[in-house]
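The structure appears below as structure tokens.
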Amino acid sequence: MKLTMRLGKRSYDIILKRGALQHIGLLANLNRKVFIVTDSGVPPQYAQTVCAQCKEGHIHTIPQGEASKSLAMYQTLLCSMLQAGFGRGDLVIAVGGGVVGDLAGFVAATYMRGIDFINCPTTTLSQIDSSIGGKVAVDLGATKNIVGAFWQPKLVVVDPDTLETLPRRHFINGLAESIKMSLTSDAALFELFEQADVDKEIETIIYRSLLIKKHVVEQDETEQGMRAILNFGHTLGHGIEAVKGITGRRKQGLYHGECVALGMLPMIEDKKLAKRVRAVYRKLGLPARAGYNKEKVWAHMLHDKKVRGGNITVVKVPGLGCWRLDTLPSDQLKEMLMGK
Ligand SMILES: NC(=O)c1ccc[n+]([C@@H]2O[C@H](COP(=O)([O-])OP(=O)(O)OC[C@H]3O[C@@H](n4cnc5c(N)ncnc54)[C@H](O)[C@@H]3O)[C@@H](O)[C@H]2O)c1
Ligand SMILES: [Zn+2]
């Protein structure tokens, strides 16, 4: 299947096909220097498959985990490219999850003021969400994605075969972003989560999620308005992630999608729908009840400047497949968080 992200001169194709990595040489010009970034948790054969199709491929493997999305790692990659003589006409390819994609994308966005970038996402989260849309970034200490750019890829190759090696918890974690999109925009996709076997339907889930994200990004490439819809569950989710998320320092806790799953629940206004969403979480193994310190989460949200002038804007879901922006006094959000 092929989707085209229509962004004028920055348009690009998204190929969704089992085994597509084996044919990437037919989809893109690899007849140049290619800097392939992957991480130590991604089975090496994926990057090797890509490299074998390049005229001059250089594989760079970073340590797995969010801690690699750092300025230090960014500099290391730039230095390697410079040393290997990469020029303006050359190419960066990411083969991995959102960590690799965000970091390699930011390298591509800035090396010699920007060179071509291809993303080959290998996690559900990156195949569904982070690989398209052009947001690339690194973290600054504990502050996530604070240094970055909008840099659209030239091509995105989604090969669902790569998910076969992805640990189960990561597989489910990524699906939370798809549930998010279904709740605001695609009732049939939500019903699929309720009724179907997600493993059997994974291509449909990816496809429908990509369609939603593509539609949003095409209307709002640089997050001036409608792209806010993608933040459903994230205002609270980021607060939860700051307190309970797995980071470079904290080895145990919740993944991003798991935090977003929890963050969505208080924002669903239809109680019957919230119950259905909890049932989906239980079916998939996502957290359905809050096991976090709400006072700490709230303190973080205040600190995070998400609250401006005493007010905060959140995405709410009044019913399945619809959404609205709501600007509420911070006290009201605090009450929602505290479950009062
Ligand atoms: N740019 C965006 O729009 C955007 C959107 C959402 C999230 N993100 C970012 O994405 C990152 C999270 O991405 P993620 O959830 O993909 O995590 P990740 O990149 O850390 O990957 C998760 C783990 O799975 C391993 N892995 C990856 N592919 C594998 C495979 N096929 N088989 C076996 N193991 C595999 C990795 O080594 C890693 O340990 C965060 O940094 C987040 O900020 C970016
Ligand atoms: Zn997210």
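The values are calculated or read from the model by the stated rules, or taken from the named source; none is laboratory data. Quantities reported herein were computed from a predicted structural model and do not represent experimental measurements. As a convention, Cβ positions derive from the backbone with ideal geometry for all residues, glycine included, and neighbour counts pool all protein chains shown. Areas reflect the complete protein model, heavy atoms only, side chains present, ligands, DNA and RNA absent. Shrake-Rupley method; radii C 1.70, N 1.55, O 1.52, S 1.80 Å.
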So what J values fall out for region 187-194 if you push phi through Karplus, 6.51 cos²θ - 1.76 cosθ + 1.60 with θ = phi - 60°, rounded to Hz, Gly and Pro as x? 4, 5, 5, 5, 5, 4, 4, 6
Probe 1.4 Å, all protein chains present, accessible-area order of Glu258, Glu56, Glu221, largest first: Glu56, Glu221, Glu258
Charge context of His23, other residues only, Cβ under 14 angstrom, K/R +1, D/E -1: 0
For region 278-337, evaluate the Debye formula with one uniform point scatterer on each Cα (no solvent term) and list log10 I(q)/I(0) at q = 0.15, 0.16, 0.19, 0.21 Å⁻¹, rounded to two decimals. -0.61, -0.69, -0.89, -0.99
Long-range amide H partners of Ile118, meaning residues 5 or more apart or on another chain whose placed amide H is closer than 5 Å, are Val92, Ile93, Ala94, Lys154
Charge dipole of the chain about the Cα centre (unit charges at C-beta), most positive-ward option of Ile62, Leu30, Gly87: Ile62
Rank Ile312, Ala196, Ile128 by how far each Cα sits towards the positive end of the charge dipole of the chain (+1 on Lys, Arg Cβ; -1 on Asp, Glu Cβ) and give me just the farthest. Ile312
Can you bin every Cα-Cα distance in region 168-338 into 5 Å intervals starting at zero and give me the percent of pairs per bin, rounded to whole numbers? 1, 8, 18, 22, 21, 16, 10, 3, 0, 0
Count neighbours as other Cβ atoms within 10 Å of each site's Cβ, and list the trypsin sites (Lys or Arg not before Pro) in region 98-181 that are DSSP loop with at most 12 such neighbours. none
Quick one: the Cα spread of region 26-124 along its three principal axes, in angstroms, biggest first? 30, 27, 20
Report the charge-dipole magnitude of the chain in Debye, nearest 20, computed about the Cα centre from +1 at each Lys and Arg Cβ and -1 at each Asp and Glu Cβ. 540
What's the angle, to the nearest 10 degrees (0 to 90), between helix 271-284's Cα axis and the longest principal axis of the chain? 40
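Rank these by accessible area, largest first, 1.4 Å probe: Lys296, Lys9.
Largest accessible area first, the residues go Lys9, Lys296.
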Taking amide H positions as placed 1.01 Å from N in the peptide plane, with prolines and chain starts having none, which residues 5 or more places from Ile62, or on another chain, fall under 5 Å of its amide H? Thr38, Asp39, Ser40
Per the Kirkwood definition applied to all pairs of different Cα atoms, how many angstroms is the hydrodynamic radius of the chain? 20.4
Give the long-range amide H neighbours of Glu56: residues separated by 5 or more places, or on another chain, with amide H under 5 Å away, using H modelled in the peptide plane at 1.01 Å from N. Arg32, Val34
log₁₀ I(q)/I(0) of region 41-192 at q = 0.14 Å⁻¹, via Debye over equal Cα point scatterers, no solvent, to two decimals? -0.68
Give the residue list of chymotrypsin sites (Phe, Trp or Tyr not before Pro) in region 93-127 that are DSSP loop and have at most 12 other beta-carbon atoms within 10 angstrom. none
Lysine pair count for region 2-163 [Cα-Cα under 23 Å; pairs on different chains or 8 or more apart]: 14
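Could you report region 168-338's accessible area per residue, 1.4 Å probe, as an integer in Å²?
Ligands and nucleic acids excluded, the result is 45 Å² per residue.
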Carbon and sulfur %, accessible surface of region 2-163 computed with the full protein complex present, 1.4 Å: 52
Restricting attention to region 192-269, which trypsin sites (Lys or Arg not before Pro) occupy a DSSP loop and are surrounded by at most 14 other Cβ atoms within 10 Å? Lys200, Arg249, Arg250, Lys251
Residues other than Tyr12 with Cβ under 10 Å of its Cβ, Lys/Arg counted +1 and Asp/Glu -1, net out at +2
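Quick check: at a probe of 1.4 Å, how many percent of the accessible area of region 168-338 sits on carbon and sulfur atoms?
48
Report for region 2-163 the percent antiparallel among DSSP-assigned beta bridges with both residues inside it, nearest 5.
30
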